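Working notes, beginning with the structure itself.
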Amino acid sequence: MRSLLTAAAISMAFTLFLTPVFLRSFRRWGWGQVIRTPESINNPSHHTKRGTPTMGGTIFITGTIVGYLIGAFTGNNPPTISGLLVLWMMVGFGIVGFIDDFLKVRQQRSLGLSGWRKIVGQILVVIPFGIVSLNYPNALGQTPASPYISVFRDVPVLSFMVLGPIIGWILYLTWVSFIGVAWSNSTNVTDGLDGLATGVGIFVVGAYSLVVFWQFNQSCASVIAELSTGCYATRDPFDLAIVSAAFVGALVGFLWWNAPKAEVFMGDVGSMAIGGVIAAMSILSRTEVLGVIIAGAFIIGPGSVILQRLYFKATRGKRLFLMSPFHHHLEMRGWSEISIVVRMWIIAGLLAVTGIGFFYVEWLAST
């Protein structure tokens, strides 16, 4: 428990107190936000945000690493392969987002990496993650991930390897690549209002920290035989709890400066890093499908974009929303930014609690 509290506290203190130091450097380097033209025309209030320091995701990424390492070692819980894999996804996706942000700032245009280049970069991060995740078993033979599709835990009949190792590996890597790309781009689309993605990320990753901490208490390596039917085969659940607690702490500290009216934006480096952590936690905790509920608030934005495009094509030019993603539609309807953000936080909290509730009910049914 000391590792969890230390990791969260150090990460929060890092982003809360050191963000102004980072911002001075960002301003000196010219890392100012570039506002997308259609967005600034349809939402004049967004034009005032031009020049606000961006790429703030580098702050909470750094804070997470510092908090996680200090928490792990001071609590005598050295980092494991599972925790390091979460950091890999966070940093790797963050680097892809950083390149995109840097190109925007340097060219003073809203166009950075093309969509396909982002996806290629994300896949280049996910593939090594997927390969390592199915290797390095511990003494009990548990690997960080498993070759099964999981809901609350692995579903035995949904194994990728049933078709043989070659096809199985291809299907497995395709599956984890889809999860990584989907969550990274979903969080990226959601990041459009001050504090929106940060607050939602706190609820989502906070929920996952509770999930893996419960898995630690009900681990197949520690529970008595009478409870073995309800145990979890997740490898290193406590270390996953530490790294997720560190990430939540870093986001909480960052939210102080990112809440409306934001003094710093996270940029693609931050939104993609959040997606990377969600993807990694869902895969390593073996709750990939459950993640659709826990992180459901991050699906609203991209879902509205897809619906907008489908409706536009089906009706030959008509629009379902005044503007997509959905939070910009609400702005066009006259909702204030702070109202949209807070209500999205409420939705995120309700979905996260619902996911945890389903998780707990499944455990009760399995014991």
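The values are calculated or read from the model by the stated rules, or taken from the named source; none is laboratory data. Source: prediction; values computed, not measured. Positions of Cβ are backbone-derived with ideal geometry, glycine not excepted, and every protein chain shown enters the neighbour counts. Ligands, DNA and RNA are excluded from the accessible area calculation, which covers all protein heavy atoms including side chains. Shrake-Rupley method; radii C 1.70, N 1.55, O 1.52, S 1.80 Å.
Are any of the residues in the stretch 244-260 farther than 17 Å from F152 by Cβ, at pLDDT below 95, among the hydroxyl-bearing types (S, T, Y) and open to solvent by less than 10 Å² (accessible area, probe 1.4 Å)?
No, the stretch 244-260 contains no residue that is farther than 17 Å from F152 by Cβ, at pLDDT below 95, among the hydroxyl-bearing types (S, T, Y) and open to solvent by less than 10 Å² (accessible area, probe 1.4 Å).
Return yes when G270 is open to solvent by less than 10 Å² (accessible area, probe 1.4 Å), of a type in the set (G, A, S) and closer than 30 Å to N217 by Cα and no when it is not.
When the stated conditions are applied, G270 does not pass them.
Hey, among the residues in the stretch 17-53 that are in a loop (DSSP other than H, G, I, E, B) and hydrophobic (A, V, I, L, M, F, W, C), which one's modelled with the lowest pLDDT?
By that ranking, first place goes to I35.
Pull out all pairs, ordered by first then second residue, where Cβ-Cβ is under 9 Å, the residues are six or more apart or on different chains, the first lies in the stretch 293-322 and is basic (K, R), and the second is surrounded by fewer than 19 Cβ atoms within 10 Å (Cβ to Cβ) and part of a helix (DSSP H, G or I).
Note: pairs meeting the criteria are K318/Y311; K318/F312; R319/Y311; R319/F312.
Can you pull out every residue in the stretch 189-212 that is more than 10 Å from the chain's Cα centre (by Cα), modelled with pLDDT of 95 or more and open to solvent by 30 Å² or more (accessible area, probe 1.4 Å)?
F203, L210
Can you list the helices (runs of 4 or more DSSP H) lying wholly within the stretch 54-160 that have 3 or more residues being among the aromatic types (F, W, Y)?
Once the helices (runs of 4 or more DSSP H) in the stretch 54-160 are filtered for at least 3 residues that are among the aromatic types (F, W, Y), what remains is 57-74, 81-107.
Take the residues in the stretch 310-353 that are touching a helix residue (DSSP H, G or I) at 6+ places or on another chain (Cβ under 6 Å) and β-branched (V, I, T), then tell me which one is nearest to A259 (Cα to Cα).
Among residues in the stretch 310-353 that are touching a helix residue (DSSP H, G or I) at 6+ places or on another chain (Cβ under 6 Å) and β-branched (V, I, T), the one nearest to A259 (Cα to Cα) is V341.
Return the total of residues in the stretch 324-341 being within 23 Å of the chain's Cα centre (by Cα) and open to solvent by 60 Å² or more (accessible area, probe 1.4 Å).
Counting residues in the stretch 324-341 that are within 23 Å of the chain's Cα centre (by Cα) and open to solvent by 60 Å² or more (accessible area, probe 1.4 Å) gives 2.
Hey, can you tell me all the residues within the stretch 305-341 that are closer than 23 Å to F203 by Cβ, among the aliphatic types (A, V, I, L, M) and touching a Pro at 6+ places or on another chain (Cβ under 9 Å)?
Those that are closer than 23 Å to F203 by Cβ, among the aliphatic types (A, V, I, L, M) and touching a Pro at 6+ places or on another chain (Cβ under 9 Å): V305, I338, V341.
Would you mention how many residues in the stretch 342-367 are surrounded by fewer than 18 Cβ atoms within 10 Å (Cβ to Cβ), within 19 Å of the chain's Cα centre (by Cα) and within 30 Å of C231 (Cβ to Cβ)?
Counting residues in the stretch 342-367 that are surrounded by fewer than 18 Cβ atoms within 10 Å (Cβ to Cβ), within 19 Å of the chain's Cα centre (by Cα) and within 30 Å of C231 (Cβ to Cβ) gives 3.
Of the residues that make up the stretch 297-318, is at least one closer than 25 Å to Y208 by Cβ, open to solvent by 70 Å² or more (accessible area, probe 1.4 Å) and in a loop (DSSP other than H, G, I, E, B)?
No, because not a single residue in the stretch 297-318 is closer than 25 Å to Y208 by Cβ, open to solvent by 70 Å² or more (accessible area, probe 1.4 Å) and in a loop (DSSP other than H, G, I, E, B).
Name every residue in the stretch 323-353 that is touching a residue at least 12 places away in the same chain (Cβ under 8 Å) and part of a loop (DSSP other than H, G, I, E, B), in order of residue number.
Answer for the stretch 323-353, where residues must be touching a residue at least 12 places away in the same chain (Cβ under 8 Å) and part of a loop (DSSP other than H, G, I, E, B): M323, S324, P325.
Just name the residue that is farthest from M266 (Cα to Cα) out of those in the stretch 12-31 that are out of contact with any Phe, Trp or Tyr (no Cβ under 7 Å at 6 or more places or on another chain) and either open to solvent by less than 30 Å² (accessible area, probe 1.4 Å) or acidic (D, E) (or both).
Step by step, filter the stretch 12-31, then rank; the result is S25.
Starting from the stretch 240-257, take each residue that is aliphatic (A, V, I, L, M) and list its partners that are outside any helix (DSSP H, G or I), counting only C-beta distances under 9 angstrom and pairs at least six apart or across chains.
Going by the 9 Å Cβ cut-off, the qualifying pairs are L240/T80; L240/T234; L240/S285; I242/G75; I242/N77; I242/P79; V243/P79; L255/G195.
For every residue, the table says whether it meets (1) hydroxyl-bearing (S, T, Y); (2) open to solvent by 50 Å² or more (accessible area, probe 1.4 Å); (3) touching a residue at least 40 places away in the same chain (Cβ under 8 Å).
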| site | (1), (2), (3) |
| --- | --- |
| I61 | no, no, yes |
| T64 | yes, no, yes |
| I70 | no, yes, yes |
| S82 | yes, no, yes |
| L87 | no, no, yes |
| M90 | no, no, yes |
| F98 | no, yes, yes |
| D101 | no, no, yes |
| Q107 | no, yes, no |
